[in-house]
Amino acid sequence: MSFAVYLLANRRNGTLYLGMTDNLAQRVYEHREKVRRGFSARYGVSRLVWYEIHDSREAAFTRERQIKTWHRAWKLRLIEEMNPEWDDLYETLQL
């Protein structure tokens, strides 16, 4: 089983949401469809702009906690290194 740390945005350089899951495609779908009430539904944050896969829940959790402490500029740089056009990567996931 793999685990993902991911960043969602509502638009380029817009509001960001950082999360962790064991089913990235399903979780992003839930954000897109506003299945759960909360931050991402309130701010329309549903575009998958960055993600990273880990072999263990502990590794993903540690990485998520690390990134949560980062300055916004560092998170933007992380996104731009993987996805300079800020494309929605949801469509590229193996569903």
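Quick notes
- Within the stretch 30-54, considering residues that are under 20 Å from Leu93 (Cα atoms) and either charged (D, E, K, R) or free of Cβ contacts under 8 Å to residues at least 12 places away in the same chain (or both), the one surrounded by the most Cβ atoms within 10 Å (Cβ to Cβ): Arg47
- Residues in the stretch 63-84 that are polar (S, T, N, Q) and surrounded by fewer than 14 Cβ atoms within 10 Å (Cβ to Cβ) were compared, and the one that is farthest from Thr15 (Cα to Cα) is Gln66.
- Residue tally, condition over 18 Å from Met82 (Cβ atoms) and out of contact with any Asp or Glu (no Cβ under 8 Å at 6 or more places or on another chain), over the stretch 47-58: 3
- The stretch 22-39, residues that are within 20 Å of Asn83 (Cα to Cα) and either in contact with a helix residue (DSSP H, G or I) (Cβ under 6 Å, 6 or more places away or on another chain) or among the hydrophobic types (A, V, I, L, M, F, W, C) (or both): Leu24, Ala25, Val28, His31
- Just one of (1) over 14 Å from Leu8 (Cβ atoms); (2) of a type in the set (A, V, I, L, M, F, W, C); (3) part of a loop (DSSP other than H, G, I, E, B) fails for Ala59. It is (3).
Readers should treat all values here as calculations from the given coordinates under stated rules, not as data from a laboratory. Remember, predicted model here, so these are calculated numbers, not experimental data. Ideal geometry is used to build each Cβ from the backbone, glycine not excepted, and the neighbour counts take in all protein chains shown.
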